[in-house]
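Before any comments, here is the structure.
The values are calculated or read from the model by the stated rules, or taken from the named source; none is laboratory data. Model, not experiment: these values are computed from the prediction. Cβ placement follows ideal geometry from the backbone for every residue including glycine, while neighbour counts extend to all protein chains displayed. Heads up: the accessible areas ignore ligands, DNA and RNA and are worked out on the full protein's heavy atoms, side chains in. Shrake-Rupley method; radii C 1.70, N 1.55, O 1.52, S 1.80 Å.
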Amino acid sequence: MSEQSMANVPATDDAQWWRSAVVYQVYPRSFSDLSGDGVGDLAGLIDKLGYLELLGVDAIWLSPIMRSPMADHGYDVSDPRAIDPLFGDLDTFDELIRQAHDRDIRVTMDLVPNHTSDQHPWFSGALGAAPGSPERERYIFADGRGDDGELPPNNWTSVFGGPAWTRIVEPDGRPGQWYLHLFAPEQPDLNWNNPEVLADLQTTMRFWLDRGIDGFRIDVAHGMAKPDGLPDLEHPAEVLLHSDDDPRFNNEAVHDIHRAIRSVMDEYPGTFNVGEVWVRSNEAFSRYVRPDELHLGFNFRLATAGFDADEIKEAITESLAATASVGAVPTWTLSNHDVPREVTRYQPTGEAADGRTPDDLLAIGTIRARAMIMVELALPGTVFIYNGAELGLPNVDLPDDALVDPVWENSGHTDRGRDGCRVPLPWEGTEPPFGFSSRSDTWLPIPADWAALTVESQLEDIYSMLSLYRQAIELRYARPEFSGDTVQWYGAPEGCLAFRRPGGLICALNASDRPVPLPPGQILLVSTPLEGGLLLPGAAAWLV
Ligand code: NOJ
């Protein structure tokens with residue numbers, strides 16, 4: 001470890017601090033814009049560190065801030081060892097780490113090893129070089145099928161829609177090979193069979209770790225390795241979805257890559273990495289979090305469960321089982337920049353929504369989201385909070401002409417993509433841009449009716465979502481009842497669930513449609529005030 005990073009470690013020094021941490025995901029474009037260009041930046045984040053301290057989080061995870069043409073808003077990296085000017089520069093980044101550490105907040109950042117931008121010098125070099133050249137070997141180029149190679153090498157589709165292959169024009173002007181991109185055409189997949197690719201990633205990791213970074217979120221951590229022979233997909237895959245046996249993901253060789261990544265992390269005690277692992281089977285998931293691979297893996301079961309006691313209980317039980325078998329730490333997340341916001345996800349749909357106004361539905365979604373953050377924070381393991389969840393932001397139905405997620409274009413306008421959960425945060429004031437920026441045409445428009453959701457309006461309101469988050473996070477730290485790595489399920493009325501931590505905390509959730517009695521105990525916190533001593537529909541309670 002360099003002198004710089006040693007001087008730059010936060011005050012608390014438990015090397016495994018992340019095992020029960022609350023990590024706050026900052027989507028930098030949408031957090032706070034100080035430069036006044038309508039897009040969030042690092043200076044804006046520094047400006048709001050006091051807010052994050054008040055919220056009580058242990059760490060932030062920054063979605064990508066490296067140099068990028070922004071075809072996928074930073075997940076297309078053209079220089080992995082530079083900050084994109086849109087967000088600031090290395091000096092600002094160093095200042096962010098210094099100031100965050102001064103406040104005892106760790107800083108982790110996204111790392112994108114599966115692909116680069118098509119503007120990365122490696123890719124430009126590959127386009128200008130001959131088939132079979134060392135430059136081409138850094139990516140996955142292949143000859144096409146058909147008489148003239150006019151058909152893609154296999155039938156893989158991109159996660160964003162359309163084919164996963166794009167044909168290039170060779171330097172001599174003729175149509176030539178195809179390159180693989182599991183995401184947008186601007187995101188060519190790297191060839192992880194080439195040792196140069198790993199060596200470069202390790203250089204990138206040390207570059208940031210030496211600056212004092214406390215960890216990484218690894219993008220598409222179940223990607224990278226591709227199967228020999230690139231076999232066809234047996235079933236067509238839906239946009240943004242795939243199954244565990246999809247040949248594009250979750251190939252055995254990925255585990256060697258994770259071991260190599262871990263060996264670098266182990267040079268920097270006190271750091272961790274968390275992988276984006278979209279696999280469903282517990283057995284497959286557990287393999288990513290073996291002691292010499294990822295420290296943590298995102299388990300998306302809770303983020304994809306509906307507001308239903310059985311579904312939630314199953315998501316928790318399965319997530320715990322997926323880590324317990326290998327002695328790993330579970331993670332919990334309700335939403336992120338790819339997953340619809342919980343306030344919207346938990347709104348009744350279909351028959352259950354009949355006869356209710358949009359405001360009624362929003363109110364129900366909000367009540368349920370309040371309960372679910374309490375369920376999440378009651379669990380053992382690491383909790384990830386997506387910026388804006390603490391304000392109870394809903395997804396936004398943006399008009400077609402505001403959509404900028406590459407999914408919208410690449411899916412041929414069949415999937416509206418993820419912009420709805422990426423709208424900038426409202427900070428203060430009564431009209432857009434609510435203090436997010438000095439200019440009103442922010443990169444995604446902020447709804448005019450978010451005045452009641454601003455940080456300013458929620459801070460002093462003890463019943464606000466923000467106040468609930470602050471109280472719940474504080475109790476999770478302060479109270480000894482939150483100790484222990486397991487949960488014990490209690491009997492609960494139909495449509496409800498209740499569990500107990502070894503330390504003595506009881507968490508009860510009423511996902512039914514009628515008020516229910518609470519388990520015995522002294523109340524520590526309720527998400528919605530009790531009525532007649534009963535827990536209302538959609539509410540949760542903590543008891544000791
Ligand atoms: C997962 C990221 O979370 C998502 O936002 C991105 O589009 C893809 N990986 C591709 O990098």
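For region 489-522, which positions are loosely packed, with under 14 Cβ neighbours inside 10 Å and hydrophobic (A, V, I, L, M, F, W, C)?
W489
For region 319-336, does any single residue satisfy the condition of being in contact with a Gly (Cβ under 8 Å, 6 or more places away or on another chain), open to solvent by 40 Å² or more (accessible area, probe 1.4 Å) and away from the ligand (no atom under 16 Å from the Cβ)?
No, region 319-336 contains no residue that is in contact with a Gly (Cβ under 8 Å, 6 or more places away or on another chain), open to solvent by 40 Å² or more (accessible area, probe 1.4 Å) and away from the ligand (no atom under 16 Å from the Cβ).
May I ask you to list the residues in region 306-339 that are out of contact with any helix residue (DSSP H, G or I) (no Cβ under 6 Å at 6 or more places or on another chain) and among the polar types (S, T, N, Q)?
T317, T323, T331, N336, listed by residue number.
In this structure, is D79 open to solvent by 50 Å² or more (accessible area, probe 1.4 Å), in the same structural domain as V220 (by TED's automatic domain parsing), closer than 30 Å to H181 by Cα and more than 21 Å from the chain's Cα centre (by Cα)?
When the stated conditions are applied, D79 passes them.
Identify the single condition in (1) within 16 Å of the ligand (Cβ to nearest atom); (2) in contact with a Gly (Cβ under 9 Å, 6 or more places away or on another chain) that H295 does not satisfy, given that it satisfies every other one.
Result: H295 fails condition (1) only.
Specify which of the listed residues (I60, I140, I105) is within 25 Å of D37 (Cα to Cα), β-branched (V, I, T), modelled with pLDDT of 95 or more and open to solvent by less than 40 Å² (accessible area, probe 1.4 Å).
On inspection, the qualifying residue turns out to be I60.
Could you please let me know if R422 is open to solvent by 10 Å² or more (accessible area, probe 1.4 Å) and touching a residue at least 60 places away in the same chain (Cβ under 8 Å)?
no
Could you tell me whether D244 is farther than 26 Å from S68 by Cβ and in contact with a helix residue (DSSP H, G or I) (Cβ under 9 Å, 6 or more places away or on another chain)?
yes
Residue by residue through region 53-86, note down the ones that are in a loop (DSSP other than H, G, I, E, B), away from the ligand (no atom under 13 Å from the Cβ) and out of contact with any Ser or Thr (no Cβ under 8 Å at 6 or more places or on another chain).
If the condition is that a residue be in a loop (DSSP other than H, G, I, E, B), away from the ligand (no atom under 13 Å from the Cβ) and out of contact with any Ser or Thr (no Cβ under 8 Å at 6 or more places or on another chain), then G56, V57, D58, I65, P85, L86 are the ones that fit.
Has region 426-438 got at least one residue that is in a loop (DSSP other than H, G, I, E, B), open to solvent by 60 Å² or more (accessible area, probe 1.4 Å), more than 22 Å from H73 (Cα to Cα) and not charged (D, E, K, R)?
Taking every residue of region 426-438 in turn, at least one turns out to be in a loop (DSSP other than H, G, I, E, B), open to solvent by 60 Å² or more (accessible area, probe 1.4 Å), more than 22 Å from H73 (Cα to Cα) and not charged (D, E, K, R).
List the pairs whose first member sits in region 79-93 and is at negative phi, whose second member is open to solvent by 20 Å² or more (accessible area, probe 1.4 Å) and not basic (K, R), and whose Cβ atoms are under 7 Å apart, counting only residues at least 6 apart or on separate chains?
Filtered contacts from region 79-93: R81/F207; I83/D89; I83/L90; T92/A43.
Which members of region 296-314 meet the condition of being among the small types (G, A, S) and either in contact (Cβ under 8 Å) with a residue 12 or more places away in the chain or touching a strand residue (DSSP E or B) at 6+ places or on another chain (Cβ under 9 Å) (or both)?
Of everything in region 296-314, those that are among the small types (G, A, S) and either in contact (Cβ under 8 Å) with a residue 12 or more places away in the chain or touching a strand residue (DSSP E or B) at 6+ places or on another chain (Cβ under 9 Å) (or both) turn out to be G297, A303, G306, A309.
Tally up the residues in region 99-131 that are within 16 Å of the ligand (Cβ to nearest atom) and in a helix (DSSP H, G or I), please.
Within region 99-131, residues that are within 16 Å of the ligand (Cβ to nearest atom) and in a helix (DSSP H, G or I) number 1.
Which of the strands (runs of 3 or more DSSP E) contained wholly in region 479-540 include at least 2 residues that are over 23 Å from G306 (Cα atoms)?
So the answer is 523-526.
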